[in-house]
Amino acid sequence: MLIADGFATGRVELPADEIRSRVVELVEAGVPWVSLRDQKADDGTFAEAAHDVAEAVRAVRSDVTLSVHGRLDVAQSLDAGLHVGRLGASLEEAVAAGVAGPVGVSAHSASAALAARKGGADYVTFSPVFATRTHPDTVPTGIDPLRLAAERSGLPVLALGGMTPPRARIARLVGAHGAAAISSLLFAWDAARTVGQFLDAVAE
């Protein structure tokens, strides 16, 4: 999963239009799942940018999985999945709404991952497994809590936080279903090479 953080308003390192361009490039390179996140964007800006990205990535790859962070109305309008976090719709609301795509939850412990399954989630992102530039002050969990989350939740778990292809492989070996990444994909010098390495790392 590519988490397209800042796709509507940008990041310190990249303007929004460049992020959106890179998202399309990464999907062309083989990224199978894009999750749109921008906590700074107002509703209108988020919705407009999300529709633009959805149209662009689906033109490149019709089977791409698309998710939206927190914004239930946007997820419904795009026939996308919804990722539940601190802001926006709750897991209960997402499940009740019956969005077209997968419903996911951000989890930071095995107990939270188990609660997500009981609440009807389809997957969880588990973070931060390693130190991350997005949340530099957050202490990483390490591998053992990730393993426990995968074992106890019974859900597909995507390892998030400091993910690189070698770390994604470690996560896969301890039971994670796959990996989610922001910086290592958005800032990749060679999109095709990096995406290929990630896909190989999480392959069966």
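Per the Debye formula with a single identical scatterer at each Cα and no solvent contribution, what log10 I(q)/I(0) holds for the chain at q = 0.17 Å⁻¹?
Here log10 of I(q) over I(0) equals -1.17.
Just from its helices, what would the mean residue ellipticity at 222 nm be for the chain, if runs of 4 or more DSSP H residues each count -39500 (n - 2.57) and the sum is divided by every residue, rounded to the nearest 500 deg cm²/dmol?
Counting only the DSSP helices, I get -12500 deg cm²/dmol.
At 1.4 Å probe size, put Arg11, Arg133, Arg22 in order of accessible surface, largest to smallest. Walk me through the intermediate numbers first.
Details: Arg11 40, Arg133 140, Arg22 60 Å².
The most accessible residue leads, giving Arg133, Arg22, Arg11.
Show me, for segment 90-104, the HN-Hα J-couplings you get by feeding each phi into the Karplus relation (A = 6.51, B = -1.76, C = 1.60, θ = phi - 60°), rounded to Hz, glycine and proline as x.
Ordered by residue, 3J(HN,Hα) equals 8, 4, 4, 5, 5, 5, 5, 6, x, 4, 5, x, x, 9, x Hz.
When Rg is the radius of gyration of the Cα atoms in segment 8-82 and Rh is its Kirkwood radius, what does Rg/Rh come to?
For segment 8-82, the value is 0.93.
Given contacts defined as C-alpha pairs under 8 Å and at least six residues apart, what's the relative contact order of the chain, whole-number percent?
Computed over the chain, the figure is 17 percent.
The values are calculated or read from the model by the stated rules, or taken from the named source; none is laboratory data. A quick note: this is a predicted structure, and the numbers were derived from the prediction, not measured. Quick note on the areas: whole protein, heavy atoms, side chains included, nothing else; ligands and nucleic acids left out. Shrake-Rupley method; radii C 1.70, N 1.55, O 1.52, S 1.80 Å.
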